[in-house]
Every structure is written in structure tokens, then in C-alpha cells.
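First up is the structure itself, then whatever we jot down about it.
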Amino acid sequence: MSEGRGRPAVLLRAAGRGVVAGLAGVAVMTVGEKAEQALTHRPNSYVPARALRTALGGHPDDRYRSLAWNHAMHWGTGAVLGALRGVWAAVGLRGPRAHAAHAVVRLAFDQTVENATGAGAPPRTWPVREQAWDAAHKAVYSLATSLVAERLVAPELESRRGTTSH
């Protein structure tokens, strides 16, 4: 770490670059989702819109279908979790293990918000095909986000402490 660039500044910059990576990941995921939906004729889900509206104090029912709120949740979540991925890249959490862990975080975040707000049901209650598509699209998001984050953020805060038994 160079002089004048303390740890908080490096982490903040990494988070900002991670936001860019997260938005790139959402773009890639969205292209994949739209291609998949064109082939499978699977409709859009408006659970993200309902979850966000509920989290912000609204009371949408199951007929609520706002594309704008869906996009706000979709892109907002991608940006926030991209910031996390940027920080991971700065501290040395990189490569395939980090990509996989980030996909799990993305899936867990979505399910936490959707189930905590009552807007969604646990994935184990979904049709298997829906579970597979959701996991695949979130894995694509995380891989794209990870690759961009690791390109934009150097591992300048990677520590060598704790590499042996404590």
C-alpha cells in the first residue's frame, strides 16, 4: 500500500470499483435471462419489485408488476453486492473459491430479502426448473462481477497473517 493511501481509502476505492463490476455483472446476467426467457417462454418474476416495495413500507399484492421497481431491485442489488466483491478483491479473496462464495452470497441475499418481506417463498418450494434457472443466472452474475472486479482492483490489502495454524 503506497503512502497516503490508508486502508479505509483503499477499501472505499475498491468498493466503488466493485459497484462498476456489479453493474457489469447485472448487464451480463440480464442478457442471459432475456435469452433464456425467449427460449423457454418463462415469464418475468415481479417478486423483486414486491420485495423492495415492501421493504420500503409499501403493501403490494401479488398482482403488483412494476418493471421500474424490478429494475431498481435488480440493479441496486447488483451494485451493492458488486461493492462487496470489490472489497474482497482488494483483500485477496479472489479466484474460483471467491467466485463461488459470491454466487452463494447473491442467492442468500435475494432469498433473505424476498422471504423477510414475505414477498417470496423459500426456493425449496419452487419448481426444480425455477431453482436451476435462478441459481444459473446468479452464478453468471457473480462470475462476471468477479472477473471485472479482479481486473479493476489489485489485491493490495492481501494479508499473509494467519496462513499457518493459529
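Taken together, the values in this text are just the output of simple stated rules run on the coordinates, not laboratory data. All figures in this text were calculated on a predicted structure; none of them were measured in a lab. Backbone-built Cβ (ideal geometry, glycine too); neighbour counts: all protein chains shown.
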Estimated distance in nm for a label pair at V104 and R65, the labels positioned 7 Å out from Cα along Cα-to-Cβ:
3.6 nm
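Hey, can you rank 96-102, 39-45, 6-12, 157-163 by average C-beta count inside 10 Å, highest first?
Details: 96-102: 16.0, 39-45: 10.7, 6-12: 13.1, 157-163: 9.0.
Peptide ranking by packing, descending: 96-102, 6-12, 39-45, 157-163.
Local charge sum around N44 (other residues, Cβ-Cβ under 10 Å, Lys/Arg +1, Asp/Glu -1)?
For residues surrounding N44, the net value is +2.
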Which order do the peptides 88-94, 52-58, 114-120 take when ranked by the mean count of other beta-carbon atoms within 10 Å per residue, highest first?
88-94, 114-120, 52-58
In the chain, which whole DSSP H runs stretch at least 30 Å along their own axis (Cα) and average 0.5 or higher on the Kyte-Doolittle scale?
7-40, 67-91
Asserting the computed 222 nm helical MRE of the chain (DSSP H runs at least 4 long, -39500 (n - 2.57) per run, divided by residue count, to nearest 500) equals -24500 deg cm²/dmol
Ranked from highest to lowest mean number of other Cβ atoms within 10 Å per residue, what is the order of the peptides 68-78, 138-148?
138-148, 68-78
Whole-Å distance, taken between Cα centres, linking region 151-166 and region 44-86
34 Å
To make sure I understand, if each residue's beta carbon is the centre and we count other beta carbons within 10 Å, what order do W133, W126 fall in, fewest to most?
W126, W133
